[in-house]
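Chemist: This is the structure I want to talk about, given as structure tokens.
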Amino acid sequence: MAKAGDALHRAFFGLLSRLPAAGAQESVRRYFDWWHRRPDPWRYTSDSYELDRHAALLGCLPRRDYGRILDVGCSEGVFTDLLSKAHPAAETLGVDISAQAVRSAEGRAASAARFACLDIRRHAPQGAFDLVVCTEMLYYVGGSRSLRLVSGRLAGLLEPGGVLVVSHPFPESRRLHRHFSAAGPLRPIEELVVRGNGRPYGISVYGRAPAPFTAPL
């Protein structure tokens, strides 16, 4: 999506988020099912912005082994598949509000990743993860109260010592990521602003504090 179209898209969903909660949630779900009626509507596999962003995100991940990986707002799973291929030993799960997007992700069968239809505003996946990724999604969740709730839910999905990576257009990313800095178990690891492509975006990396060490008796 071009820069001007990208801004209009986010402005539209900012207005939509002012609807009563149930109406806003249903409208977003219906919109994304409609949007995914055609393959790769965001051009994740061909747009230079998306290709560069995915490479930058992979490059920001702390180099370590991951056991369970979660990609929130995965769309058709293009980046989820990249995560799965980069960490083949991990169990990788992508979730999205759109059932149509999830069907497309499963139909691509491009990696060992699994996919599920889930609205992160209302539910959380089962279990905990040592890597959670959320990109280009938080401006869909609604107002400040919903943003705080979803931010806390994402932080709560991390195992002790786990890593959270979030990315959104800059400077809007500063507003969208602000609740993570205030989340008790999280500490900032890195903030990167990529400006060179004419559509700047921010990447923020947070870590959850490891579990306290208890000496054996």
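Chemist: Over segment 41-138, what lengths in whole Å, largest first, do the semi-axes of the equivalent ellipsoid take, defined as the square roots of 5 times the eigenvalues of the alpha-carbon gyration tensor?
Modeler: Its equivalent ellipsoid spans semi-axes of 18, 18, 13 Å.
Chemist: In nm², what is the average projected area of the convex hull enclosing the Cα atoms of segment 105-161?
Modeler: One quarter of the hull surface, i.e. the mean projection, equals 4.9 nm².
Chemist: Dipole of segment 84-217, Cα-centred, from +1 at each Lys and Arg C-beta and -1 at each Asp and Glu C-beta, to the nearest 20 debye?
Modeler: Computed charge dipole of segment 84-217: roughly 380 debye.
Chemist: Run the accessible area of segment 93-167 with a 1.4 Å probe and give the carbon-and-sulfur part as a rounded percent.
Modeler: Carbon plus sulfur share of accessible area: 47 percent.
Chemist: Counting pairs of alpha carbon atoms under 8 Å apart in space and at least six apart in sequence, what relative contact order in percent does segment 59-133 give?
Modeler: RCO, segment 59-133: 37 percent.
Chemist: Using all Cα-Cα distances in segment 59-217, what percent lands in each 10 angstrom bin from 0 up to the longest?
Modeler: Once binned at 10 Å, the Cα pair distances of segment 59-217 give 11, 39, 38, 10, 2, 0.
The values are calculated or read from the model by the stated rules, or taken from the named source; none is laboratory data. Only a predicted model underlies this, so the values are computations on that prediction, with no experimental measurement involved. Note: ideal-geometry Cβ built from the backbone for every residue, glycine included; neighbour counts use all protein chains shown. To get the accessible areas, we keep the full protein, side chains included, count just its heavy atoms, and leave off ligands, DNA and RNA. Shrake-Rupley method; radii C 1.70, N 1.55, O 1.52, S 1.80 Å.
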